[in-house]
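Please read the structure below before turning to the comments.
The values are calculated or read from the model by the stated rules, or taken from the named source; none is laboratory data. The shown structure was predicted, so the numbers you read here are calculated from the model rather than taken from an experiment. Here the Cβ positions follow ideal geometry from the backbone for every residue, glycine too, while neighbour counts run over all protein chains shown. We work out accessible area using only protein heavy atoms, side chains counted, and drop any ligands, DNA or RNA first. Shrake-Rupley method; radii C 1.70, N 1.55, O 1.52, S 1.80 Å.
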Amino acid sequence: MTQFSKYVLVLLILVSSGIVYVRFIEKKASGIEDLKISTWKDNATFAATLSFDDGYQATYSTAIPILRSHNTVGSFNVIAGRIGSSYAQIELATWDDWRVVAREGHEIVSHTTYHKHLPELSEKEIMSELRESRALIESNIEGQRALSFVYPGGDYDPWSKKVVEDFYLSARSSDSGFNPSTPPDFFSLKSMVVYPTTTTEDLNAWAGSAYDNGEWLIEMYHLVNTSNPTGYEYFNPPEILDSHLDYLNKKNVWVDTQQNVVKYIQERDNTQIFVVSENRFRLVLSLINELDKTVFNSPLTISARIPSDWGSINVVQGVHSVKVIPDNNGLIYFKATPGAGDIVVSRVLF
(Lines give C-alpha, C1' and ligand atoms only; values in the text may rest on other atoms or scores of the structure.)
Protein backbone atom coordinates (compact mmCIF):
# COMPACT_ATOMS: atom_id res chain seq x y z
CA MET A 1 0.00 0.00 0.00
CA THR A 2 1.37 3.41 -0.95
CA GLN A 3 1.87 5.61 2.05
CA PHE A 4 1.93 9.37 2.29
CA SER A 5 5.29 11.06 2.62
CA LYS A 6 6.52 10.92 6.20
CA TYR A 7 7.78 14.48 6.25
CA VAL A 8 6.25 17.78 5.34
CA LEU A 9 8.45 20.88 5.27
CA VAL A 10 6.86 24.02 6.53
CA LEU A 11 8.58 27.24 5.68
CA LEU A 12 8.38 29.94 8.31
CA ILE A 13 9.63 33.41 7.55
CA LEU A 14 10.44 35.36 10.66
CA VAL A 15 11.27 39.01 10.57
CA SER A 16 13.30 40.33 13.48
CA SER A 17 15.43 43.50 13.62
CA GLY A 18 15.20 43.76 9.85
CA ILE A 19 16.76 40.35 9.31
CA VAL A 20 14.86 37.56 7.54
CA TYR A 21 15.33 34.13 9.07
CA VAL A 22 14.26 30.95 7.30
CA ARG A 23 13.57 27.89 9.45
CA PHE A 24 12.32 24.43 8.38
CA ILE A 25 10.04 22.67 10.83
CA GLU A 26 9.64 18.92 10.48
CA LYS A 27 6.05 17.63 10.67
CA LYS A 28 6.06 13.85 11.04
CA ALA A 29 3.37 11.62 9.58
CA SER A 30 1.78 8.94 11.78
CA GLY A 31 4.53 6.36 11.38
CA ILE A 32 1.89 3.62 11.17
CA GLU A 33 2.90 0.96 8.66
CA ASP A 34 1.87 -2.42 7.20
CA LEU A 35 -1.86 -1.70 7.06
CA LYS A 36 -3.74 -4.73 5.77
CA ILE A 37 -6.93 -6.75 6.09
CA SER A 38 -6.47 -10.01 7.98
CA THR A 39 -7.14 -13.21 6.03
CA TRP A 40 -9.60 -14.37 8.70
CA LYS A 41 -11.70 -12.59 11.30
CA ASP A 42 -9.89 -11.72 14.55
CA ASN A 43 -6.63 -12.62 12.80
CA ALA A 44 -7.39 -16.33 13.16
CA THR A 45 -5.03 -18.79 11.49
CA PHE A 46 -7.85 -20.71 9.80
CA ALA A 47 -11.64 -20.87 9.61
CA ALA A 48 -14.13 -23.66 10.32
CA THR A 49 -17.86 -24.16 9.77
CA LEU A 50 -19.95 -26.81 11.51
CA SER A 51 -22.58 -27.77 8.92
CA PHE A 52 -25.55 -29.96 9.94
CA ASP A 53 -27.67 -31.47 7.16
CA ASP A 54 -31.43 -32.12 7.07
CA GLY A 55 -32.50 -30.53 10.39
CA TYR A 56 -33.26 -33.53 12.59
CA GLN A 57 -34.98 -32.94 15.92
CA ALA A 58 -32.43 -35.17 17.66
CA THR A 59 -29.55 -33.16 16.20
CA TYR A 60 -31.23 -29.94 17.31
CA SER A 61 -31.78 -31.25 20.85
CA THR A 62 -28.30 -32.76 21.17
CA ALA A 63 -25.93 -30.55 19.18
CA ILE A 64 -27.30 -27.12 20.10
CA PRO A 65 -26.50 -27.47 23.86
CA ILE A 66 -22.97 -28.58 22.94
CA LEU A 67 -22.49 -25.58 20.67
CA ARG A 68 -23.86 -23.28 23.37
CA SER A 69 -21.44 -24.67 25.95
CA HIS A 70 -18.56 -23.81 23.62
CA ASN A 71 -20.00 -20.41 22.60
CA THR A 72 -20.04 -21.61 19.00
CA VAL A 73 -22.54 -21.29 16.16
CA GLY A 74 -23.34 -23.66 13.30
CA SER A 75 -25.10 -23.79 9.93
CA PHE A 76 -28.26 -25.93 10.00
CA ASN A 77 -29.32 -27.00 6.53
CA VAL A 78 -33.07 -27.54 6.63
CA ILE A 79 -35.50 -29.24 4.24
CA ALA A 80 -37.87 -26.28 4.29
CA GLY A 81 -40.98 -28.06 3.01
CA ARG A 82 -40.68 -30.87 5.55
CA ILE A 83 -40.07 -28.79 8.69
CA GLY A 84 -41.89 -30.37 11.63
CA SER A 85 -42.47 -33.68 9.80
CA SER A 86 -39.83 -36.33 9.06
CA TYR A 87 -37.12 -37.35 6.62
CA ALA A 88 -35.43 -40.77 6.33
CA GLN A 89 -37.91 -41.92 9.00
CA ILE A 90 -36.41 -39.48 11.49
CA GLU A 91 -38.32 -36.57 13.07
CA LEU A 92 -37.38 -33.08 11.95
CA ALA A 93 -37.24 -29.99 14.18
CA THR A 94 -39.94 -27.32 13.96
CA TRP A 95 -39.92 -23.70 12.85
CA ASP A 96 -40.26 -22.69 16.50
CA ASP A 97 -37.03 -24.59 17.20
CA TRP A 98 -35.17 -22.90 14.38
CA ARG A 99 -36.43 -19.46 15.38
CA VAL A 100 -34.91 -19.94 18.83
CA VAL A 101 -31.42 -20.81 17.57
CA ALA A 102 -31.48 -18.24 14.75
CA ARG A 103 -31.74 -15.56 17.44
CA GLU A 104 -28.55 -17.00 18.96
CA GLY A 105 -26.62 -16.51 15.72
CA HIS A 106 -26.97 -19.94 14.12
CA GLU A 107 -27.63 -19.93 10.38
CA ILE A 108 -30.70 -21.59 8.86
CA VAL A 109 -29.59 -22.75 5.40
CA SER A 110 -31.61 -23.78 2.37
CA HIS A 111 -31.34 -27.53 1.64
CA THR A 112 -34.15 -27.26 -0.95
CA THR A 113 -37.86 -27.63 -0.25
CA TYR A 114 -38.17 -31.42 -0.41
CA HIS A 115 -34.56 -32.70 -0.63
CA LYS A 116 -34.71 -33.47 -4.33
CA HIS A 117 -31.39 -34.01 -6.12
CA LEU A 118 -30.99 -31.12 -8.54
CA PRO A 119 -29.46 -32.93 -11.56
CA GLU A 120 -32.58 -35.10 -11.73
CA LEU A 121 -34.94 -32.11 -12.05
CA SER A 122 -36.06 -29.85 -14.85
CA GLU A 123 -35.16 -26.16 -14.79
CA LYS A 124 -38.67 -25.31 -13.63
CA GLU A 125 -38.50 -27.86 -10.81
CA ILE A 126 -35.08 -26.65 -9.67
CA MET A 127 -36.24 -23.05 -9.55
CA SER A 128 -39.30 -24.09 -7.57
CA GLU A 129 -37.16 -25.99 -5.04
CA LEU A 130 -34.81 -23.03 -4.62
CA ARG A 131 -37.34 -20.22 -4.62
CA GLU A 132 -39.81 -21.88 -2.26
CA SER A 133 -37.11 -22.98 0.17
CA ARG A 134 -35.68 -19.49 0.39
CA ALA A 135 -39.13 -17.95 0.82
CA LEU A 136 -40.10 -20.38 3.59
CA ILE A 137 -36.92 -19.68 5.55
CA GLU A 138 -37.14 -15.92 5.24
CA SER A 139 -40.85 -15.83 6.13
CA ASN A 140 -40.36 -18.03 9.21
CA ILE A 141 -36.98 -16.79 10.48
CA GLU A 142 -37.29 -13.11 11.26
CA GLY A 143 -34.28 -10.96 10.44
CA GLN A 144 -32.26 -13.65 8.67
CA ARG A 145 -31.77 -13.81 4.91
CA ALA A 146 -31.36 -17.22 3.26
CA LEU A 147 -28.08 -16.62 1.44
CA SER A 148 -26.48 -20.07 1.71
CA PHE A 149 -27.37 -23.32 -0.02
CA VAL A 150 -26.44 -26.99 0.45
CA TYR A 151 -26.95 -29.50 -2.38
CA PRO A 152 -29.17 -32.47 -1.39
CA GLY A 153 -26.99 -35.56 -1.51
CA GLY A 154 -24.14 -33.28 -2.51
CA ASP A 155 -25.32 -33.69 -6.11
CA TYR A 156 -24.89 -30.95 -8.70
CA ASP A 157 -23.78 -30.51 -12.27
CA PRO A 158 -22.67 -27.39 -14.20
CA TRP A 159 -26.21 -26.62 -15.32
CA SER A 160 -27.94 -26.97 -11.93
CA LYS A 161 -25.08 -25.10 -10.23
CA LYS A 162 -25.64 -22.20 -12.59
CA VAL A 163 -29.29 -22.00 -11.51
CA VAL A 164 -28.27 -22.00 -7.83
CA GLU A 165 -25.98 -19.03 -8.47
CA ASP A 166 -29.03 -16.92 -9.34
CA PHE A 167 -30.57 -17.51 -5.89
CA TYR A 168 -27.80 -17.75 -3.29
CA LEU A 169 -24.45 -16.34 -2.23
CA SER A 170 -22.73 -19.73 -1.95
CA ALA A 171 -23.39 -23.47 -2.10
CA ARG A 172 -21.77 -26.31 -0.15
CA SER A 173 -21.22 -29.63 -1.85
CA SER A 174 -20.14 -33.05 -0.62
CA ASP A 175 -16.90 -32.86 -2.61
CA SER A 176 -14.22 -33.93 -0.17
CA GLY A 177 -11.51 -31.48 0.78
CA PHE A 178 -10.62 -28.11 2.25
CA ASN A 179 -11.30 -24.63 0.89
CA PRO A 180 -8.42 -22.18 0.35
CA SER A 181 -8.67 -18.72 1.87
CA THR A 182 -10.30 -17.62 -1.39
CA PRO A 183 -12.26 -20.55 -2.86
CA PRO A 184 -12.04 -20.76 -6.66
CA ASP A 185 -15.79 -21.39 -6.82
CA PHE A 186 -18.22 -20.34 -4.09
CA PHE A 187 -20.87 -22.69 -5.52
CA SER A 188 -18.94 -25.92 -5.10
CA LEU A 189 -17.54 -25.45 -1.61
CA LYS A 190 -15.77 -28.56 -0.37
CA SER A 191 -16.50 -30.29 2.92
CA MET A 192 -15.33 -33.19 5.06
CA VAL A 193 -18.10 -35.71 5.75
CA VAL A 194 -18.39 -36.96 9.32
CA TYR A 195 -19.21 -40.69 9.05
CA PRO A 196 -20.12 -43.08 11.90
CA THR A 197 -16.52 -44.32 11.74
CA THR A 198 -15.08 -40.80 12.07
CA THR A 199 -13.29 -40.30 15.40
CA THR A 200 -12.44 -37.19 17.38
CA GLU A 201 -8.84 -37.74 16.33
CA ASP A 202 -9.92 -37.64 12.68
CA LEU A 203 -11.77 -34.36 13.22
CA ASN A 204 -8.81 -32.88 15.06
CA ALA A 205 -6.48 -33.98 12.26
CA TRP A 206 -8.68 -32.16 9.71
CA ALA A 207 -8.48 -29.02 11.82
CA GLY A 208 -4.73 -29.44 12.13
CA SER A 209 -4.38 -29.61 8.35
CA ALA A 210 -6.53 -26.49 7.89
CA TYR A 211 -4.42 -24.75 10.54
CA ASP A 212 -1.16 -25.60 8.77
CA ASN A 213 -2.43 -24.27 5.44
CA GLY A 214 -4.61 -21.35 6.56
CA GLU A 215 -7.69 -22.92 4.98
CA TRP A 216 -11.44 -23.04 5.57
CA LEU A 217 -12.66 -26.37 6.91
CA ILE A 218 -16.36 -27.24 6.55
CA GLU A 219 -17.38 -30.29 8.60
CA MET A 220 -20.57 -32.02 7.44
CA TYR A 221 -22.70 -33.68 10.14
CA HIS A 222 -26.14 -35.28 9.89
CA LEU A 223 -27.72 -37.11 12.84
CA VAL A 224 -26.01 -36.24 16.13
CA ASN A 225 -27.70 -38.22 18.87
CA THR A 226 -27.16 -40.52 21.83
CA SER A 227 -28.76 -43.43 19.94
CA ASN A 228 -29.49 -44.54 16.39
CA PRO A 229 -32.72 -46.61 16.49
CA THR A 230 -33.27 -46.57 12.70
CA GLY A 231 -29.71 -47.50 11.81
CA TYR A 232 -29.21 -44.21 9.94
CA GLU A 233 -26.00 -44.30 7.91
CA TYR A 234 -24.77 -40.82 8.93
CA PHE A 235 -24.98 -41.10 12.71
CA ASN A 236 -22.54 -39.61 15.23
CA PRO A 237 -22.61 -39.69 19.03
CA PRO A 238 -22.50 -36.25 20.71
CA GLU A 239 -19.25 -36.87 22.59
CA ILE A 240 -17.37 -36.81 19.26
CA LEU A 241 -18.54 -33.25 18.59
CA ASP A 242 -18.03 -32.15 22.19
CA SER A 243 -14.44 -33.40 22.36
CA HIS A 244 -13.63 -31.90 18.98
CA LEU A 245 -14.86 -28.47 20.08
CA ASP A 246 -12.63 -28.73 23.14
CA TYR A 247 -9.74 -29.13 20.70
CA LEU A 248 -10.83 -26.22 18.51
CA ASN A 249 -11.07 -23.95 21.55
CA LYS A 250 -7.32 -24.37 21.98
CA LYS A 251 -6.58 -23.33 18.40
CA ASN A 252 -6.45 -19.90 16.81
CA VAL A 253 -9.52 -20.67 14.71
CA TRP A 254 -12.52 -18.64 13.62
CA VAL A 255 -15.64 -20.85 13.81
CA ASP A 256 -18.64 -19.32 12.09
CA THR A 257 -21.50 -20.00 9.70
CA GLN A 258 -21.20 -20.62 5.97
CA GLN A 259 -22.84 -17.27 5.26
CA ASN A 260 -20.57 -15.26 7.54
CA VAL A 261 -17.35 -16.81 6.28
CA VAL A 262 -18.33 -16.26 2.63
CA LYS A 263 -19.30 -12.65 3.32
CA TYR A 264 -16.00 -11.97 5.08
CA ILE A 265 -13.95 -13.49 2.25
CA GLN A 266 -15.73 -11.53 -0.44
CA GLU A 267 -15.54 -8.28 1.53
CA ARG A 268 -11.87 -8.86 2.28
CA ASP A 269 -11.01 -9.52 -1.35
CA ASN A 270 -12.97 -6.55 -2.71
CA THR A 271 -12.10 -3.86 -0.15
CA GLN A 272 -9.31 -1.32 -0.40
CA ILE A 273 -7.79 0.71 2.44
CA PHE A 274 -7.35 4.41 1.73
CA VAL A 275 -5.48 6.92 3.89
CA VAL A 276 -7.64 10.03 4.20
CA SER A 277 -5.20 12.01 6.33
CA GLU A 278 -2.46 11.54 8.90
CA ASN A 279 -0.18 13.36 11.27
CA ARG A 280 2.10 12.22 14.08
CA PHE A 281 -0.83 11.74 16.45
CA ARG A 282 -3.46 10.06 14.32
CA LEU A 283 -4.32 8.28 11.09
CA VAL A 284 -7.68 8.54 9.31
CA LEU A 285 -8.64 5.61 7.07
CA SER A 286 -11.49 4.66 4.78
CA LEU A 287 -12.52 1.16 3.66
CA ILE A 288 -14.06 1.18 0.19
CA ASN A 289 -15.73 -1.48 -1.92
CA GLU A 290 -18.55 -1.63 -4.46
CA LEU A 291 -20.43 -4.55 -2.90
CA ASP A 292 -24.11 -4.49 -1.94
CA LYS A 293 -24.13 -3.00 1.56
CA THR A 294 -27.44 -4.68 2.41
CA VAL A 295 -25.61 -8.03 2.17
CA PHE A 296 -21.95 -7.28 2.74
CA ASN A 297 -21.95 -5.37 6.03
CA SER A 298 -19.64 -7.42 8.23
CA PRO A 299 -16.71 -5.84 10.11
CA LEU A 300 -13.27 -6.71 8.76
CA THR A 301 -10.21 -7.24 10.93
CA ILE A 302 -7.46 -4.72 10.16
CA SER A 303 -3.87 -5.02 11.32
CA ALA A 304 -1.18 -2.34 11.48
CA ARG A 305 2.27 -1.73 12.94
CA ILE A 306 2.49 1.35 15.16
CA PRO A 307 5.52 3.35 16.32
CA SER A 308 7.19 1.97 19.44
CA ASP A 309 6.46 5.11 21.49
CA TRP A 310 2.72 5.21 20.83
CA GLY A 311 1.52 2.90 23.58
CA SER A 312 -2.24 2.31 23.56
CA ILE A 313 -4.47 3.34 20.67
CA ASN A 314 -8.03 4.60 20.26
CA VAL A 315 -9.93 3.38 17.20
CA VAL A 316 -13.19 5.16 16.35
CA GLN A 317 -15.66 4.52 13.53
CA GLY A 318 -18.97 6.32 13.80
CA VAL A 319 -20.32 5.83 17.33
CA HIS A 320 -18.08 2.83 17.99
CA SER A 321 -14.90 3.41 19.95
CA VAL A 322 -12.38 0.90 21.29
CA LYS A 323 -9.03 1.08 23.03
CA VAL A 324 -6.40 -1.20 21.50
CA ILE A 325 -3.14 -2.39 23.06
CA PRO A 326 -0.32 -3.39 20.68
CA ASP A 327 1.21 -6.86 20.97
CA ASN A 328 4.90 -7.51 21.62
CA ASN A 329 5.67 -6.94 17.94
CA GLY A 330 4.03 -3.52 17.87
CA LEU A 331 1.01 -4.81 15.95
CA ILE A 332 -2.56 -3.75 16.59
CA TYR A 333 -5.75 -5.44 15.38
CA PHE A 334 -9.12 -3.75 15.16
CA LYS A 335 -12.45 -4.20 13.39
CA ALA A 336 -13.96 -1.78 10.89
CA THR A 337 -16.86 -1.99 8.46
CA PRO A 338 -16.49 -0.88 4.83
CA GLY A 339 -18.74 2.03 3.93
CA ALA A 340 -19.60 2.82 7.56
CA GLY A 341 -17.58 6.02 7.76
CA ASP A 342 -13.96 6.98 8.30
CA ILE A 343 -11.85 5.11 10.85
CA VAL A 344 -9.75 7.29 13.17
CA VAL A 345 -6.72 5.60 14.68
CA SER A 346 -5.19 7.91 17.28
CA ARG A 347 -2.47 7.84 19.90
CA VAL A 348 -3.60 7.93 23.54
CA LEU A 349 -1.57 10.78 24.99
CA PHE A 350 -2.66 10.58 28.62
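Restricting attention to region 59-79, does a residue exist that is more than 24 Å from the chain's Cα centre (by Cα) and within 19 Å of MET220 (Cα to Cα)? So far as region 59-79 goes, yes, one or more of its residues are more than 24 Å from the chain's Cα centre (by Cα) and within 19 Å of MET220 (Cα to Cα).
Give GLU142, GLU107 a once-over and let me know the one that is among the acidic types (Asp, Glu) and modelled with pLDDT under 95. Before the answer, list the steps.
Values: GLU107 fails: modelled with pLDDT under 95.
Unique residue meeting the criteria: GLU142.
Looking at this structure, is SER173 under 17 Å from SER110 (Cα atoms) and touching a Gly at 6+ places or on another chain (Cβ under 7 Å)? So SER173 passes the test.
One residue stands out in region 327-350 among those that are of a type in the set (Phe, Trp, Tyr) and closer than 29 Å to VAL261 by Cβ: the one that is least open to solvent (accessible area, probe 1.4 Å), namely PHE334. Of the residues making up region 168-191, those that are part of a strand (DSSP E or B) and either closer than 15 Å to THR257 by Cα or open to solvent by less than 10 Å² (accessible area, probe 1.4 Å) (or both) are SER170, ALA171, ARG172, SER173, ASN179, LEU189, LYS190, SER191. Taking the criterion of being under 19 Å from the mean Cα position of the chain (by Cα) and not hydrophobic (A, V, I, L, M, F, W, C), the residues of region 291-320 that qualify are ASP292, LYS293, THR294, ASN297, SER298, PRO299, THR301, SER303. Confirm whether ALA146 is within 30 Å of PRO238 (Cβ to Cβ), part of a loop (DSSP other than H, G, I, E, B) and open to solvent by less than 70 Å² (accessible area, probe 1.4 Å). Taking the combined requirement at face value, the residue satisfies it. Residue pairs whose Cβ atoms lie under 9 Å apart, sitting 6 or more positions apart in sequence or on different chains, and linking a residue in region 335-350 that is free of Cβ contacts under 8 Å to residues at least 60 places away in the same chain and part of a loop (DSSP other than H, G, I, E, B) to a partner that is of a type in the set (S, T, N, Q) and open to solvent by 40 Å² or more (accessible area, probe 1.4 Å), are THR337/ASN297; GLY339/ASN297; ALA340/ASN297; VAL348/ASN314.
Of the residues making up region 217-237, none is within 28 Å of SER38 (Cβ to Cβ), of a type in the set (S, T, N, Q) and buried (at least 19 other Cβ atoms within 10 Å of the Cβ).
Taken over region 263-290, residues that are part of a loop (DSSP other than H, G, I, E, B) and either of a type in the set (Asp, Glu) or surrounded by fewer than 18 Cβ atoms within 10 Å (Cβ to Cβ) (or both) amount to 5.
For region 291-326, the set of residues classified as surrounded by fewer than 14 Cβ atoms within 10 Å (Cβ to Cβ), of a type in the set (S, T, N, Q) and not in a strand (DSSP E or B) consists of THR294, SER308, SER312, listed by residue number. Within region 185-242, the set of residues being touching a residue at least 12 places away in the same chain (Cβ under 8 Å), closer than 22 Å to ASN43 by Cα and not hydrophobic (A, V, I, L, M, F, W, C) comprises ASN204, SER209, TYR211, ASN213, GLY214, GLU215, GLU219.
Taken over region 221-260, the residue count meeting the criterion of being part of a strand (DSSP E or B) and within 17 Å of the chain's Cα centre (by Cα) is 3.
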